[in-house]
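First the structure, in the form of structure tokens, and then the observations on it.
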Amino acid sequence: MSGTIESSPHDGARVLVVILSAVAAVVGSIIGSGALVGTPISQVADGALAADATAVAPGGPAFSIWTLIYLGFLALAIWQALPAHRTDPRQRRAGWWLAAAMILNAAWIACVQFEQLWLSVLTILALLAVLVVVFHILTNTKPSSRAEAIVVDATAFVYLGWVCVAVVANIAAALAAAEIDPFALGADTWAVLVLTAVALVAVVLAVAGHGRFTVTAAIVWGLVWIAVARTTGDGFTSQPAAIAALTAAALAIAATAIARLPRARSGEASVTKP
């Protein structure tokens, strides 16, 4: 149990850094929303990241998922600071990486606010890499309770799932802003190709994580809103992109359901497998 493990000075430092990182991420979100200062992300760089800017931009309501993620950051920061969890080996392994993921979120918002779209691409790719490490740590160690599964694992997995979709939207926005069409394939073709890649990533994560449904839920959320944005409104419409997004969502769901079957058949409890 975590209470029997000897405390280390590094535990206090890790706890503090995670708390400060969560606060930085939330403050960054306030700037990114334009609520108090800053410019709404959808309006920076002449609307390069708006819901109608590219064929793979999710519809506006999709970004409400950030409310859940930011609340998760704060809950995670508080949870890991509690005396009973400070020396938990699992938190020791994941804590610094989780802090890095939250800091990179704030850094991404800063890049966008200064209209550095290509720097934002590099930042979100770094964020994705960090979240993959977190995913590896959390899926290869078991949470001690339902509370940990919800507060720590689910927060990290929803964050990862959303970033998988956000990466392709970010890259597409940077290319469109620079008026670059690699190989002159056109927006529809590229949308189908990159959404196919998202589907493959979703399948890999489902298999590697033994069917973590929170990852898939976030990916599917983003994909469905891409489809909605391509078929409604006055923005960028694309039937091929909409079909590709819905197909990718269906594949992600199917892969997750199949990946969960072995444990379901064995009767293993799933309360700690978000």
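Things worth noting here:
- Residue in the stretch 58-78 that is in a loop (DSSP other than H, G, I, E, B) and within 27 Å of VAL37 (Cα to Cα) present: yes
- The one condition from (1) assigned to a loop (DSSP other than H, G, I, E, B); (2) open to solvent by less than 30 Å² (accessible area, probe 1.4 Å); (3) closer than 28 Å to VAL224 by Cβ that THR87 does not meet is (3).
- Filter result (open to solvent by 30 Å² or more (accessible area, probe 1.4 Å), outside any helix (DSSP H, G or I) and either touching a Pro at 6+ places or on another chain (Cβ under 9 Å) or over 30 Å from ALA55 (Cβ atoms) (or both)) within the stretch 116-160: ASN140, THR141, LYS142, SER144, SER145
- Test: residue in the stretch 13-36 that is out of contact with any strand residue (DSSP E or B) (no Cβ under 6 Å at 6 or more places or on another chain), surrounded by fewer than 18 Cβ atoms within 10 Å (Cβ to Cβ) and closer than 30 Å to ALA242 by Cβ: yes
- Subset tally (residues that are in contact (Cβ under 8 Å) with a residue 12 or more places away in the chain and open to solvent by less than 60 Å² (accessible area, probe 1.4 Å)) for the stretch 246-263: 8
- When the criteria are applied in full, ALA50 fails the requirement of being closer than 25 Å to THR232 by Cβ, open to solvent by less than 60 Å² (accessible area, probe 1.4 Å) and modelled with pLDDT of 95 or more.
- Matching residues, the stretch 212-237, being outside any helix (DSSP H, G or I) and surrounded by 22 or more Cβ atoms within 10 Å (Cβ to Cβ): ARG212
- Checked against the criterion of being within 16 Å of the chain's Cα centre (by Cα) and within 18 Å of LEU138 (Cβ to Cβ), the stretch 57-69 contains one or more residues that satisfy it.
- Pair list, Cβ < 7 Å and 6+ apart or interchain, from the stretch 224-245 residues that are within 18 Å of ALA176 (Cβ to Cβ) to residues that are aromatic (Phe, Trp, Tyr) and modelled with pLDDT under 95: ARG230/PHE236
- Residue satisfying condition, being within 12 Å of the chain's Cα centre (by Cα) and either crowded, with 18+ Cβ neighbours inside 10 Å or modelled with pLDDT of 95 or more (or both), within set VAL163, VAL201: VAL163
The values are calculated or read from the model by the stated rules, or taken from the named source; none is laboratory data. Since we're looking at a predicted model, the values are computed, not measured. As a convention, Cβ positions derive from the backbone with ideal geometry for all residues, glycine included, and neighbour counts pool all protein chains shown. Protein only, heavy atoms only, side chains kept; ligands, DNA and RNA dropped before computing areas. Shrake-Rupley method; radii C 1.70, N 1.55, O 1.52, S 1.80 Å.
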